[in-house]
Amino acid sequence: MQDILDDIVATIGKSDDRGNVADYIPELAGVDPNQFGICVATTDGQVFSTGDSEQLFSIQSISKVFSLTVALGHLGDGVWKWVGREPSGDPFNSIVQLEHEHGKPRNPFINAGAIAIADAILMKRLPKEALAEILSFVRFIADDESICFDSKVAQSELDTGERNRALAHFMKAYGIVKQPVDYVLGTYFHHCAIAMNCRQLAQSGLFLAGDGRNPVTGVRVISSNRARRINSLMLMCGHYDGSGEFAFRVGLPGKSGVGGGILAVAPGKASIAVWSPGLDEVGNSKLGTAALERLVQKTGWSVFA
Ligand code: GLN
């Protein structure tokens, strides 16, 4: 495994065709696109990493997997009143479908869906309580108390996130969002601004690779049924309108973020985190996707194998 990762960093990690860093969030616009890290945490407790795998980055939409898990913990199947579970085929920040579908987002991983999930978590909590809960959940699954929000990134989105504000108001008009829009967006922007490195992120996905149970510590996080459902949503919806392409090329449940990270789950085998800040046209890490494609070719880990 170490040889495979070293080869990926030496080849794909050095590519000149790196895509473009997300610049609609000013705080992310200045991230050096030449960084590249990857970490594989296996279900038998081994951790392999290389490149810039200790460098913190903004996990952005990868956090939507964690906020969904927290919401399912509170509401169970009640969550599906806020969001659906179909791929959108639209960009991550699109508003178009919302009007046709009466304000109910297609799935929890597009921006509208994750904003609706933040509203669901806020049902009986203040934003600071909801955020404390999401952060402590992430620290628990990653087994790392040092994980924090990057408040500069959160502030940068609060200052510029008019599109997300529009989505939230639109859903409020339909009664999907029920809490004050400022509370909902404050919660959403902050959980997107959690900073992690590839090692922490790979550790955090182990419960999804272990059928709901962290295979290393033995601690059950969620039921196996719920883990399978989250994995299936990641496969179908984790890369927005690039989800089909990701399933075709990589064949693993995965969730990307505009910070350039991707968390991928090889059920029963490993949790994988890769980070390269440059994005492709639909907002997924360009080299991160290529790295996962190569990793799966070498390991045969596709869920369709
Ligand atoms: N916080 C980002 C946004 O709302 C998340 C988008 C993403 O990572 N795709 O635009």
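The values are calculated or read from the model by the stated rules, or taken from the named source; none is laboratory data. Note that the structure is predicted; figures quoted are calculated from it, not measured. Using ideal geometry, Cβ is built from the backbone for each residue, glycine included, and neighbour counts are taken over all protein chains shown. Please note that ligands, DNA and RNA were not included when accessible areas were found on the heavy atoms of the full protein model with its side chains. Shrake-Rupley method; radii C 1.70, N 1.55, O 1.52, S 1.80 Å.
Largest first, what is the accessible-area ranking of 23, 90 with a 1.4 Å probe?
23, 90
Residues 249, 85, sorted by accessible area with the largest first, give 85, 249 [1.4 Å probe; ligands and nucleic acids excluded].
Bridgeable aspartates and glutamates around residue 124 (alpha carbons under 13 Å apart, same-chain partners fewer than 8 residues away excluded): 133. Averaging the sequence gap over all C-alpha pairs within less than 8 Å and six or more residues apart, then dividing by the number of residues, gives the stretch 56-174 a relative contact order of 28 percent. Electrostatic tally near residue 134: other residues with Cβ closer than 12 Å to its Cβ, Lys and Arg +1, Asp and Glu -1, net +2. Less than 12 Å Cβ to Cβ from residue 241, Lys/Arg counted +1 and Asp/Glu -1: what total charge do the surrounding residues give? Charge balance near residue 241 sits at -3. If I build a Gaussian network model for the chain, linking alpha-carbon pairs within less than 10 angstrom, which residue out of 45, 278, 218 has the largest mean-square fluctuation? Checking each option, the largest mean-square fluctuation is seen for 218. Its Cα centre serving as origin, the chain has a Cβ charge dipole (Lys and Arg +1, Asp and Glu -1) of approximately 1080 debye. Relative contact order, whole percent, for the stretch 187-252 stands at 17, derived from Cα pairs under 8 Å and 6 or more residues apart.
What FRET efficiency comes out for residue 173 versus residue 223 if R0 is 45 angstrom and r is the Cβ-Cβ distance? Round to the nearest 0.05. E between residue 173 and residue 223, to the nearest 0.05, is 0.80. When the chain is treated as a GNM with alpha-carbon contacts under 10 Å, the residue of 12, 262, 117 showing the greatest mean-square fluctuation is 12.
Accessible area per residue (1.4 Å probe, heavy atoms of protein chains only) ranks 31, 79 as 31, 79, with the largest value leading.
Applying the criteria of a DSSP loop state and at most 13 other Cβ atoms within 10 Å to the GluC sites (Glu not before Pro) of the stretch 143-183 yields 145. For the stretch 244-305, applying the loop criterion from DSSP together with a ceiling of 12 other beta carbons within 10 Å to the chymotrypsin sites (Phe, Trp or Tyr not before Pro) yields 304. Amide hydrogen proximity for residue 221: with H placed 1.01 Å from N in the peptide plane, the residues at 5 or more positions away or on another chain lying under 5 Å are 213, 214.
With an 8 Å cut-off on Cα pairs and a minimum separation of 6 or more residues, tell me the relative contact order of the stretch 1-131 in percent.
That works out to 17 percent.
Basic side chains Lys and Arg get +1 at the Cβ, acidic Asp and Glu get -1 at the Cβ, and with that the dipole of the stretch 198-295 about its Cα centre reaches some 480 debye.
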